[in-house]
Every structure is written in C-alpha cells, then in structure tokens.
Amino acid sequence: MGMTMTQKILAAHAGLSSVEAGQLIEADLDLVLGNDITTPVAIHEIDKMKTNGVFHKDKIALVMDHFVPNKDIKSAEHTKLVREFAGKNGITNYFDVGDMGIEHALLPEKGLVIAGDAVIGADSHTCTYGALGAFSTGVGSTDMAAGMATGKAWFKVPSAIKVELIGKPAPFISGKDIILYLIGRIGVDGALYQSLEFVGDGLQYMSMDDRFTIANMAIEAGAKNGIFPVDDLTLDYIKERSTRQPKVYEADPDAEYTRTITINLSTLRPTVAYPHLPENTHPVEDARNIKIDQVVIGSCTNGRISDLRVAAEIMKGKHVAKNVRVIVIPATQKIYLEAMEAGYLRTFIEAGAVVSTPTCGPCLGGYMGILASGEKCVSTTNRNFIGRMGAIDSEIYLASPAVAAASALTGFITDPSEI
C-alpha cells in the first residue's frame, strides 16, 4: 500500500522505508518551537530530566509573542525565564521585543521551516507549516521538553483525508473562507488525529498566505496536521528565505485515504463562523443584521501582508462605524514595515483603527482588545470558544480580513462586495 505525503515525511524521519496509519514511531526532529506561555513549563520539565543542555542550539525556536511586550509582572517573569534559558544554552533562534512576531508567521518568514521538515511546537497552531510541505504539529510542553533535550518525538502515524480543491474562487474568497467552509462541513472533530492533505487544480489560485491560513486552522477540524503539495510557488517562497535545500515528498498514486472531500471554490461565499465553535458557519449574507462592537484583524491566521492589503483597500478613504473599535495587528516586524511603506498603516489610522506591534494579544484573551460582557467581535483569528476573547457572554465571529474590514465600516457583519 502506498503512503500519503505526511506518512512519507514521517517514515524518512523515523529511518523507515515505510509506515502505515496507526503505527507508533520515534522520529528525528528538524525544529522544536515554544512561546512565552508554553516554554516556561518545558524548561521546568527539562530541569527535572537533568540533561546536559539541548540537543541542537540551532534547531530550537523560542518566540515571545503571546503577552509580549509584557502585559504584567507574571508575563515579564515568564519571558525572563525563557530569555535566560536561551542565553544559557546558546539558542540562536530566540525572538523577543524588536525582533519578534507571531510565531507561525515568523518562522516561515525567517526560513526556519522548509519542505520535508518534521516540526513540533508547544502551540496547537504549529500545523501552519504544512503550507510549505512540512509535517508540523502541536504538542504539550512536556513533549516539547523531550524534543529540546533529545531531538526526537513519538508519533502515531495518522491516516489521511484528501481535500480536493477545484475551480476558481470569486473575488474576496480567501483561504479563511475555504477552511471555515471545510470545518463547517466536517465539524471540529471531523478530521480527528488525521492528516488533511490538500490537492486539486484550485491550488493554482491559492497564494502562500492562503495556504498558511488553511493549514493553520487544520487543528480546528481536529486534524493532526494539514499539508499542501510542494509546487513552484512553494519552492520560490523557500528559496527567498532559506539556504537549506527542501526535500519534496509526494503522495503515492495508491495512497490510502479515509475519505475524499471535494470543494468547488467557484461556488464559495464569504463565510462567517458564529459563536461558539469554528464549525458553526454561515454565508456572510445570513449575518448582515448582527451588530458588532469590535473588529480584530491580525493573528497567526490572518496577520500577513496580503491580509492587511485587502483590509486597507476596503477601508481606504472611509471611516469605521461609530462605537466600533478596530484593532489591526501585523504578524511580524517585517510585515509591519511592509504595511507602513505601502501606506496601509496610514489608511487604518485615518479610518479610525489602532495598529499594534506584533502580538497574539486579543486572540486568546491576552490583552489589546478584551471583550466586555455582551460585546460582539468580528475577528480574523482562529477560535471563537466561550470566553476566548474576554467575558464569557461575549461573542466572537470568525471571518476573513475582507469581511472584517467591511464590517468595521458598517458596524454590522457585512459582505465586502457591498462596500
């Protein structure tokens, strides 16, 4: 029986000629990732192991992004602990204020992940790097500690779902709409511990930013990882950012999938996920009477330059609706500079929005946009669980940057084509 793309990567990193779904393996890792919330726990676990440092100072990335710049004493102590650990162990890829960004936008930008890699991260959205043709998945802090110490991790080889994208999307249809539609179709546990492998002629219309968004939210369908085939677009992206040589894996023609899901991109509408699950999706026109209090454009899902571009194009020369707070968060310093040079930041500020330094911030109810009781927010983030962004009776509506920007201008959830 042939192997899927994910299975081939795992077999190679386990030193095996083949693997099959359900098999337990120990695999070598190309990168271990942690942030300011999860790394302190991992450091305490490493202290218990009494190991002699880390397995490779260049293959660990520690990104201070969730509560950075620090919002309080506790977050300051956490980053101090990680900063000292990075210094003690000579970790080269430590990112803090001034050179940081939201981890899952930053690592591809820095060329730290390429096609064929096996990556774990103590953050559930580590699956983002599947956009580059890598196997990447989120783990707990204890597994992160073991990975930092040994350079290895145990995996149960996942089965796979083939997601075939066909057709050409209409204007304003983005990766966010595609993944929200898919999650709405199969549910938040529809791909539980499986690999979502995206294929089809519709990929030619998907930018790298679209692919990052889709892979990022694979976990919201319960998937172990999401992954895209490596094409010229992928290789060009990697070549511009990394000196390492990518390894391209392709699924075998007889690879086994538990099911195939076909999505016709030409029929998709801008999609909104209502509270309180990403699977609670509706076309944007069904939401037009929902009044909002806040808009957030940013996060590891949708804080990249193309996201800011589409939002700025919609908002240019206009002003946000009265009593609506709009928060724009570029995902990295590089993206911040690009947006500034392109005039997007001026557009946002003149429209009545605020622009933040890169941070996860409001996505997890950290800071920079906490919701009060009963408030409603349109957000380009990835989760809308109860209390995710503040008060337990607040509401989060997940949407694309285009829908978020259009909604900011009207004060109601709005189809961007109507602006």
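The values are calculated or read from the model by the stated rules, or taken from the named source; none is laboratory data. Keep in mind that what you see is a predicted model, and the values were worked out from it rather than measured. Positions of Cβ are generated from backbone atoms using ideal geometry, with glycine treated the same way; all protein chains shown enter the neighbour counts. For accessibility, only protein heavy atoms count, side chains too; no ligands or nucleic acids. Shrake-Rupley method; radii C 1.70, N 1.55, O 1.52, S 1.80 Å.
Taking (1) in a strand (DSSP E or B); (2) surrounded by 20 or more Cβ atoms within 10 Å (Cβ to Cβ); (3) more than 15 Å from the chain's Cα centre (by Cα) in turn, ILE114 satisfies each apart from (1). Condition check for LEU180 on (1) surrounded by fewer than 24 Cβ atoms within 10 Å (Cβ to Cβ); (2) among the aliphatic types (A, V, I, L, M); (3) in contact with a strand residue (DSSP E or B) (Cβ under 7 Å, 6 or more places away or on another chain); (4) over 16 Å from ASN35 (Cα atoms): one failure, at (1). For ASP189, the requirement of being surrounded by fewer than 19 Cβ atoms within 10 Å (Cβ to Cβ) and either over 18 Å from HIS125 (Cα atoms) or touching a residue at least 12 places away in the same chain (Cβ under 8 Å) (or both) is met. When the strands (runs of 3 or more DSSP E) confined to region 131-177 are screened for residues that are open to solvent by 10 Å² or more (accessible area, probe 1.4 Å), touching a strand residue (DSSP E or B) at 6+ places or on another chain (Cβ under 7 Å) and within 20 Å of SER195 (Cβ to Cβ), those reaching at least 2 such residues are found at 152-156, 159-166. You will find that of ALA115, ALA146, ALA134, the residue that is out of contact with any Gly (no Cβ under 8 Å at 6 or more places or on another chain) and over 20 Å from LEU364 (Cα atoms) is ALA146 and no other.
When we screen LYS152, LYS168, LYS162 for residues that are under 15 Å from ASN225 (Cα atoms) and at pLDDT 95 or above, the only hit is LYS162. The set of residues from region 375-396 being out of contact with any strand residue (DSSP E or B) (no Cβ under 8 Å at 6 or more places or on another chain) and among the small types (Gly, Ala, Ser) comprises just one member, GLY387. Can you find a residue in region 41-59 that is under 21 Å from SER124 (Cα atoms) and under 18 Å from the mean Cα position of the chain (by Cα)? Within region 41-59 (the criterion being under 21 Å from SER124 (Cα atoms) and under 18 Å from the mean Cα position of the chain (by Cα)), the answer is no, since none of the residues qualifies. Residues of region 264-289 that are surrounded by fewer than 17 Cβ atoms within 10 Å (Cβ to Cβ) and either assigned to a loop (DSSP other than H, G, I, E, B) or of a type in the set (Ser, Thr, Tyr) (or both): SER266, THR267, HIS276, ARG288, ASN289. The set of residues in region 58-79 that are open to solvent by 50 Å² or more (accessible area, probe 1.4 Å) and assigned to a helix (DSSP H, G or I) comprises ILE73, LYS74, GLU77, HIS78. Taking the numbered list (1) crowded, with 18+ Cβ neighbours inside 10 Å; (2) of a type in the set (Ser, Thr, Tyr); (3) free of Cβ contacts under 8 Å to residues at least 40 places away in the same chain in turn, THR128 passes all entries but (3).
If you scan region 41-78, which residues turn out to be more than 26 Å from GLY130 (Cα to Cα) and in contact with a Leu (Cβ under 7 Å, 6 or more places away or on another chain)? Within region 41-78, just ILE43 meets the criteria.
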